[in-house]
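Since the structure comes first, as structure tokens, the remarks are kept for the end.
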Amino acid sequence: MLCTLHPMNTLKASLLALAVASTVACHSTPVPRPRIEQTNARQELAAGNQRFLDGKVQAHTWADEKVVKTGAYGQTPSIGVLSCADSRVPVELIFDQGVGDLFVVRDAGNFEGPGAAGTFEYGVEALGVHTILVLGHTKCGAVTAALEGKVLPGNMPTFINAITPAIAAAGGQMSVDAAVEANVRWQLNGLLERSEILRAASKAGRLQMFGGIYDVDTGRVRFLD
């Protein structure tokens with residue numbers, strides 16, 4: 001008797017097959033790298049940011065070893081990050097994380113969309129990502145442009161249009177810092193609203209999501225409740 005797979009199970013099987021194909025390139029029995037536990041994810045990010053602030057970063061001391069392992073065994077990131085593309089926000093550096101630790105999506109204004117949602121869906125279902133952080137930052141040019149209602153050329157209105165609803169929902173008139181925080185919260189909710197896969201993972205306890213703000217003047221990350 002043939003059994004029919006549920007569409008979600010079929011999707012998961014396909015994603016897992018793709019992940020395994022890219023992971024087991026050189027070895028038949030891959031050795032998983034140590035992972036960050038879900039219950040420790042925020043603490044690990046906070047501790048890494050503190051090492052960054054204190055000038056005691058550790059990630060670079062074992063980078064060579066991790067490059068070899070990820071090259072041989074593929075990737076098993078624990079934490080996904082939706083961050084602004086701003087060059088002052090180097091995500092792995094500010095959290096003192098190394099090769100293979102974070103699954104990062106970056107665009108101007110850290111806005112969610114089909115591309116970001118699909119990327120994190122793959123991260124959750126195929127790679128085992130259990131935490132997603134939406135990370136904004138102070139003095140964000142994209143948020144400032146949206147707040148001021150600037151008309152930009154080319155494809156730049158894409159991020160203006162994605163950020164403007166966040167500002168409008170929060171009242172419209174506010175400081176840049178307040179708009180940055182409003183945008184983080186909006187994009188965080190937007191990811192869940194857009195993605196049935198992420199909602200299901202969150203409901204099942206396989207995924208936690210929270211926001212944060214990186215201060216480009218001090219280097220410190222403030223996590224949002």
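Any read-out appearing in this document is the output of simple, stated calculations on the displayed coordinates, not a laboratory observation. Computed from a predicted model, the values in this text were never measured in an experiment. Because the Cβ atoms are built from the backbone with ideal geometry, glycine has one as well, and the counts that use them run over all protein chains shown.
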Theoretical FRET efficiency, 1/(1+(r/R0)^6), r = Cβ-Cβ of His60 and Ala168, R0 35 Å, to 0.05:
0.25
Zone of Arg222 (label point 7 Å along Cα→Cβ, backbone N under 19 Å): which residues in segment 57-87?
83-84
Taking 0.36 nm per residue of sequence separation and subtracting the Cα-Cα distance, how much length would be gained by fully extending the chain between Ala46 and Thr119, in nm to one decimal?
23.9 nm
With a ≥ b ≥ c taken as the square roots of the eigenvalues of the C-alpha gyration tensor of segment 69-125, please select rounded if a/c is under 1.5 and otherwise prolate if a/b is larger than b/c or oblate if it is not?
oblate
Just order 198-208, 135-145, 160-170 by mean Cβ neighbour count inside 10 Å, highest at the front, would you?
135-145, 160-170, 198-208
Note: Ser87 to Met156 extended length (0.36 nm per residue) minus current alpha-carbon separation gives 23.1 nm
On alpha carbon coordinates alone, what is the Rg over Rh value for segment 7-223, Rh being the Kirkwood radius?
0.99
